1. Out of segment 108-122, which residues are surrounded by 17 or more Cβ atoms within 10 Å (Cβ to Cβ) and not in a loop (DSSP other than H, G, I, E, B)?
2. Spot the failing condition for M35; the list is (1) touching a residue at least 40 places away in the same chain (Cβ under 8 Å); (2) more than 22 Å from L112 (Cβ to Cβ), and only one is missed.
3. Restricting attention to segment 83-95, does a residue exist that is within 27 Å of L48 (Cβ to Cβ), at pLDDT below 85 and not acidic (D, E)?
4. Any residue at all in segment 130-145 that's modelled with pLDDT under 85, small (G, A, S) and over 18 Å from the mean Cα position of the chain (by Cα)?
5. Take A52 and decide whether it is more than 20 Å from the chain's Cα centre (by Cα) and either touching a residue at least 12 places away in the same chain (Cβ under 8 Å) or surrounded by 10 or more Cβ atoms within 10 Å (Cβ to Cβ) (or both).
6. Which members of segment 54-75 meet the condition of being in a helix (DSSP H, G or I) and among the hydroxyl-bearing types (S, T, Y)?
Amino acid sequence: MRNSCLFRLQAGAGLVSIMIAMFVIMVSVLGYVAMQVKSLRAVTASQLQTHAITIAYSISDGIRANRTAALAGHYDGALNPPATTVTCVGVSASCTGSQIAAHDMEAWSLMLERLPAGMASVERIPVAGQGELARVHVCWKEARMESAASCPPPDGANNRLKRYALEVML
């Protein structure tokens, strides 16, 4: 008789311990999932930044290769694709500096399409006694649903626009 009373007191104790174990497992799985989501966001942000850096270096290499057109201002301002397609590819192509600049802008515009709200701009800054400095800005937004702003963003602007800037002496 004594054993049956003890058995009744312990009835359901196994169920409570199983529920506690399930709760602990659920919390740890949710923590793991949150860590994976955060890791995926960091990897995506890193890939976007790497692509922006590649674009900035491509623009600066094009500017250095076509220095005469760069000094004439053919690369200045926001990077917009030209209205007409310019073909300056191949050994037999003979293009002017401005045509090469238009071809470069078209190629870079296609590269910028892979960045969410991707924009780029080039500004020339005179440097006393040394020539001119070309500053290349590449901007993008990590949140794909937001609209684009200006590149580079104005000082003090409270937006989530990411920016990479590269300076090249002409």
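1. Correct list: W108, M111, L112, M119, A120, S121, V122.
2. Of everything listed in (1) touching a residue at least 40 places away in the same chain (Cβ under 8 Å); (2) more than 22 Å from L112 (Cβ to Cβ), M35 misses just condition (1).
3. Checked segment 83-95: no residue is within 27 Å of L48 (Cβ to Cβ), at pLDDT below 85 and not acidic (D, E).
4. Among the residues of segment 130-145, at least one is modelled with pLDDT under 85, small (G, A, S) and over 18 Å from the mean Cα position of the chain (by Cα), which makes the answer yes.
5. no
6. T54, Y57, S58, S60, T68, listed by residue number.
The values are calculated or read from the model by the stated rules, or taken from the named source; none is laboratory data. Here the structure is a predicted model, which means the values were calculated and not measured. Cβ atoms come from the backbone with ideal geometry, glycine included; neighbour counts cover every protein chain shown.
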